[in-house]
1. Looking only at segment 274-289, count how many residues are in a loop (DSSP other than H, G, I, E, B) and either surrounded by fewer than 24 Cβ atoms within 10 Å (Cβ to Cβ) or of a type in the set (Val, Ile, Thr) (or both).
2. If you go through segment 152-159 one residue at a time, do you hit one that is in a helix (DSSP H, G or I), touching a strand residue (DSSP E or B) at 6+ places or on another chain (Cβ under 6 Å) and either open to solvent by less than 10 Å² (accessible area, probe 1.4 Å) or at pLDDT below 95 (or both)?
3. Filter segment 58-108 down to the residues that are of a type in the set (Ser, Thr, Tyr) and closer than 25 Å to VAL274 by Cβ, then identify the one that is surrounded by the fewest Cβ atoms within 10 Å (Cβ to Cβ).
4. Which count do you get for residues in segment 319-334 that are in contact (Cβ under 8 Å) with a residue 24 or more places away in the chain and in contact with a helix residue (DSSP H, G or I) (Cβ under 6 Å, 6 or more places away or on another chain)?
5. Condition check: aliphatic (A, V, I, L, M) and outside any helix (DSSP H, G or I). Does ILE260 satisfy that?
6. With respect to ILE380, is the statement that it is open to solvent by less than 40 Å² (accessible area, probe 1.4 Å), assigned to a helix (DSSP H, G or I) and under 26 Å from ARG334 (Cα atoms) true?
7. Can you find, within segment 76-115, the residue that is farthest from the chain's Cα centre (by Cα) among those that are over 22 Å from ALA43 (Cα atoms) and of a type in the set (Gly, Ala, Ser)?
8. Go through (1) open to solvent by 10 Å² or more (accessible area, probe 1.4 Å); (2) farther than 21 Å from GLU354 by Cβ one by one and return the number of the condition MET125 breaks.
Amino acid sequence: MATKRKAARKKAPARRRTATRKKNQNVYFFGGKKSDGDGSQKALLGGKGANLAEMVNIGIPVPAGFTITTGVCTYYYAHGKSYPKTLDAEIRANIARVERAMGKKFGDLSNPLLLSVRSGARESMPGMMDTILNLGINDEVVEALSARTNNPKFAWDSYRRFLQMYGSVVMGVEKEDGEHHDPYEVILDKAKAKAKVKDDSGLSADDLKWVVAEFKKLIRKRAGKSFPEDPMEQLYGSVNAVFNSWNNDRAKVYRAKYGIPAEWGTAVNVQAMVFGNTGRNSGTGVAFTRDPATGENVFYGEYLIDAQGEDVVAGVRTPKPVARMAKDLPKPNRELLKVRKILEKHFRDVQDVEFTIEEGKLWMLQTRNGKRTGFAAVNIALDMVRERLITKEEAILRIPAEDLSHLLAPVFDSTAERKASKIGSGLPAGPGAARQGHGRRP
């Protein structure tokens with residue numbers, strides 16, 4: 001009898017944890033081994049926040065943080081850009097939870113916690129809204145971080161990155177009419193020329209100190225006020241900026257194109273920083289669990305050693321194919337490949353992920369269903385049916401009708417491509433094929 005009961009228990013399906021919302025709860029914690037929310041709450045937590053909570057719930061290593069809900073964004077615009085009365089207390093309580101989870105303190109001079117502030121709409125809107133990294137650093141914290149890590153270059157590099165983002169996004173100091181180049185990049189180019197190095201990673205701590213001083217002068221001159229040293233003031237300035245970016249021109253055009261209602265609002269994700277720019281044992285990258293152009297079942301993406309996330313997408317350095325990580329960072333690479341399998345099995349779809357490796361430790365910063373070409377969508381759907389991840393009915397429903405037109409677009413013949421002699425190379429910007437014509441020039 002006991003054996004039968006044991007077998008029955010073994011066959012019983014696992015219960016899914018369902019998050020419940022407390023009355024008037026505006027902030028949801030995630031990190032450690034539990035989250036206040038889960039993946040079913042995208043309308044409330046946004047896609048990014050819901051998926052971060054879900055990754056924590058299934059045991060994926062995620063830096064602790066909290067999500068300010070989409071409801072706060074709606075309230076913000078409905079009440080003249082003001083916030084619910086309880087929000088400040090909720091934010092401070094959740095900062096304390098992040099501090100306990102990460103073993104660091106926000107604004108502390110012995111073991112400082114730095115934060116990232118990112119948007120997170122219900123539907124993915126990549127690049128449309130604003131992001132702030134390394135928040136919480138100032139003239140005192142940078143020295144504390146330098147001493148704590150015994151890595152002055154890393155500390156000052158983090159400071160100059162924060163100043164550039166905060167100055168641009170929060171204080172509105174950007175390229176002005178008539179300027180041909182970003183003013184921050186002009187300063188960085190001067191520093192690189194003076195140091196005789198090709199990219200930012202070649203700058204020394206002293207070079208970066210000069211850059212920081214010049215950035216602060218630039219901000220003070222153009223904004224008419226100094227960069228704020230108080231970490232809480234920095235945090236609220238950044239949260240305001242993310243909510244305001246919900247209605248910037250880029251976001252409005254994107255929403256109109258993809259039919260995303262303005263009343264949905266965006267969530268704001270505040271998360272402990274982990275650093276890929278601490279040396280050769282650290283790095284950062286973005287990847288898809290399958291090739292989004294062809295649908296091939298290979299891990300597809302790019303990474304950089306000794307870099308932060310924006311370096312991969314900003315084009316300031318040429319990233320490496322993620323396949324090479326096995327050589328550069330073998331242990332984190334093995335862990336990342338395990339995470340790839342867990343995420344695909346759990347979400348039952350191709351995942352677009354962001355990750356950082358800090359001193360050999362892997363941290364996952366985001367996962368979401370990956371966008372793909374129509375050609376890839378068909379191949380992926382067929383493969384996932386064979387792998388029993390989805391049903392045939394689900395496979396049909398996953399392919400938008402308009403994506404089928406992609407199957408009619410010209411592509412290179414794979415046999416001819418293998419036989420061709422390469423005369424040049426570059427980084428691909430999108431799928432498809434082209435050839436030099438032999439007709440009359442226009």
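1. Residues of segment 274-289 in a loop (DSSP other than H, G, I, E, B): 274-282, 289.
Applying the additional criterion that residues be either surrounded by fewer than 24 Cβ atoms within 10 Å (Cβ to Cβ) or of a type in the set (Val, Ile, Thr) (or both) yields 274, 278-281, 289.
Counting residues in segment 274-289 that are in a loop (DSSP other than H, G, I, E, B) and either surrounded by fewer than 24 Cβ atoms within 10 Å (Cβ to Cβ) or of a type in the set (Val, Ile, Thr) (or both) gives 6.
2. First pass over segment 152-159, keeping only residues in a helix (DSSP H, G or I): 152-159.
With the extra rule that they be touching a strand residue (DSSP E or B) at 6+ places or on another chain (Cβ under 6 Å), the set shrinks to 158.
Next cut, either open to solvent by less than 10 Å² (accessible area, probe 1.4 Å) or at pLDDT below 95 (or both) only: 158.
The answer is yes; a qualifying residue exists.
3. Step one: filter segment 58-108 for residues of a type in the set (Ser, Thr, Tyr), giving 67, 69-70, 74-77, 82-83, 86.
From what's left, closer than 25 Å to VAL274 by Cβ: 67, 69.
On the way: THR67: 31, THR69: 27.
Filtering first and then ranking leaves THR69.
4. First pass over segment 319-334, keeping only residues in contact (Cβ under 8 Å) with a residue 24 or more places away in the chain: 319, 322-323, 325, 328-329, 331-332.
If we keep only those that are in contact with a helix residue (DSSP H, G or I) (Cβ under 6 Å, 6 or more places away or on another chain) too, we end up with 319, 325.
Summing the residues that are in contact (Cβ under 8 Å) with a residue 24 or more places away in the chain and in contact with a helix residue (DSSP H, G or I) (Cβ under 6 Å, 6 or more places away or on another chain) in segment 319-334 gives 2.
5. On the way: aliphatic (A, V, I, L, M): yes; outside any helix (DSSP H, G or I): yes.
Taking the combined requirement at face value, the residue satisfies it.
6. Values: open to solvent by less than 40 Å² (accessible area, probe 1.4 Å): yes; assigned to a helix (DSSP H, G or I): yes; under 26 Å from ARG334 (Cα atoms): yes.
It is true that ILE380 is open to solvent by less than 40 Å² (accessible area, probe 1.4 Å), assigned to a helix (DSSP H, G or I) and under 26 Å from ARG334 (Cα atoms).
7. Ranking the qualifying residues of segment 76-115, first place goes to GLY80.
8. (2)
The values are calculated or read from the model by the stated rules, or taken from the named source; none is laboratory data. Quick caveat, the model's predicted, so the values are computed rather than measured. Virtual Cβ from ideal backbone geometry, glycine too; neighbours counted across all protein chains shown. Just so you know, the surface numbers come from the protein's heavy atoms only, side chains and all, with ligands and any DNA or RNA stripped out. Shrake-Rupley method; radii C 1.70, N 1.55, O 1.52, S 1.80 Å.
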